[in-house]
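The values are calculated or read from the model by the stated rules, or taken from the named source; none is laboratory data. Keep in mind that this is a model prediction, so the values were computed, not measured. Here Cβ is always computed from backbone atoms with ideal geometry, including for glycine, and neighbour counts include all displayed protein chains.
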Amino acid sequence: MPNNIPPVTANDPAAGFMRLLTVLDTLRTECPWDKKQTMETLRHLTIEETYELSDAIMEGDAQEIKKELGDVMMHLVFYARIASEKGEFDILDVLNGVCEKLISRHPHIYGDVIVQDEAEVKQNWEKLKLKEGNKSVLAGVPAGLPSLVKASRIQEKARGVGFDWADKTQVWEKVEEELQEFKDEFNVVDNSAIDADKAESEFGDLLFSLINYARFININPENALEKTNKKFIKRFQYLEEKAKESGKALQDMTLAEMDVYWNEAKTK
């Protein structure tokens, strides 16, 4: 077999994983591009691959999900290979480390702790993280997360230690309160009197409370917004296509004319 390509082994995940390690090791030693990569150069590529996986999941495309999972897994193996070259850790350390963490944070499975439901599992998880040395429950929320996702994670982690509303009615009252405070910022005769910083702050509070309410009714706000984004894109592109077919440019059309095609798109 050319270049000692390892064979495909069916029904053996361990052999499949070893095949990936072997291929990556070969590329690292023989491919000019792979030789040059560092953790820093791979970082933005990994972020891109993660978003591509997210897109595939949102589209429900199983074959694309499989492909993107492979790309992400390759990146993880690549990072471990780079670290092993520096004597920092290797892929076995990574695998054993995550196994030990999962075992220690699931005492209701691997120990004698008894839990009643998912909520208790989450509470125990956060308590165990604090015992492991985390100074704050919120320390595990990455600073670089997109703001919408970050808000969800902050709220979930606070809930994990019991800091939460009692029921969704209270949360909706908070939404209405924040909405009114946001509206009040624009209840002025002269628009130049609007405090932009205060309005922005109130808008942030409103979004945060809406995300909180979504959590209470089991809606993932990131998924919900992305589905709306995709829906808008499809409808807008339909509008563009129909305008082009009629020989018109969007910028020369009235809103009433565009609404005709927009309403057609909504029925598709």
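Among the conditions (1) more than 21 Å from Pro146 (Cα to Cα); (2) of a type in the set (Asp, Glu); (3) in contact with a helix residue (DSSP H, G or I) (Cβ under 9 Å, 6 or more places away or on another chain), the only one that Glu226 does not satisfy is (1). Taking the listed residues Glu173, Glu181, the one that is within 30 Å of Ser152 (Cβ to Cβ), touching a residue at least 24 places away in the same chain (Cβ under 8 Å), acidic (Asp, Glu) and part of a helix (DSSP H, G or I) is Glu181, with no other qualifying. Applying the condition of being among the basic types (Lys, Arg) and in the same structural domain as Leu210 (by TED's automatic domain parsing) to segment 110-162 and asking which residue is surrounded by the fewest Cβ atoms within 10 Å (Cβ to Cβ) yields Arg153.
Within segment 124-142, the set of residues being outside any helix (DSSP H, G or I) and over 11 Å from Lys157 (Cβ atoms) comprises Glu132, Gly133, Lys135, Pro142. Of all residues being β-branched (Val, Ile, Thr) and over 24 Å from the mean Cα position of the chain (by Cα) in segment 176-225, which is surrounded by the fewest Cβ atoms within 10 Å (Cβ to Cβ)? Just the residue, please. Top of the filtered list is Val189. Residue count for segment 126-157, restricted to those that are under 21 Å from Pro107 (Cα atoms) and either touching a Leu at 6+ places or on another chain (Cβ under 8 Å) or of a type in the set (S, T, N, Q) (or both): 3. Just one of the numbered conditions (1) free of Cβ contacts under 8 Å to residues at least 24 places away in the same chain; (2) part of a loop (DSSP other than H, G, I, E, B) is not true of Phe232; which one? Checking Phe232 against (1) free of Cβ contacts under 8 Å to residues at least 24 places away in the same chain; (2) part of a loop (DSSP other than H, G, I, E, B), the one that fails is (2). Among the conditions (1) on the phi < 0 side of the Ramachandran plot; (2) more than 19 Å from the chain's Cα centre (by Cα); (3) assigned to a loop (DSSP other than H, G, I, E, B), the only one that Leu145 does not satisfy is (2). Residue selection: Gln237 fails the criterion of being in the same structural domain as Ile154 (by TED's automatic domain parsing), of a type in the set (S, T, N, Q) and modelled with pLDDT of 90 or more.
For segment 238-249, a tally of residues being assigned to a helix (DSSP H, G or I), more than 34 Å from the chain's Cα centre (by Cα) and surrounded by fewer than 16 Cβ atoms within 10 Å (Cβ to Cβ) returns 2. Quick check on my filter: what residues within segment 1-50 are touching a helix residue (DSSP H, G or I) at 6+ places or on another chain (Cβ under 6 Å), over 30 Å from Gly144 (Cα atoms) and of a type in the set (Ser, Thr, Tyr)? Selection gives Thr9 alone.
I need the full set of residues from segment 57-75 which are exposed (fewer than 13 other Cβ atoms within 10 Å of the Cβ) and more than 26 Å from Gln37 (Cβ to Cβ), in order please. Across segment 57-75, the qualifying residues are Glu59, Gly60, Ala62, Gln63.
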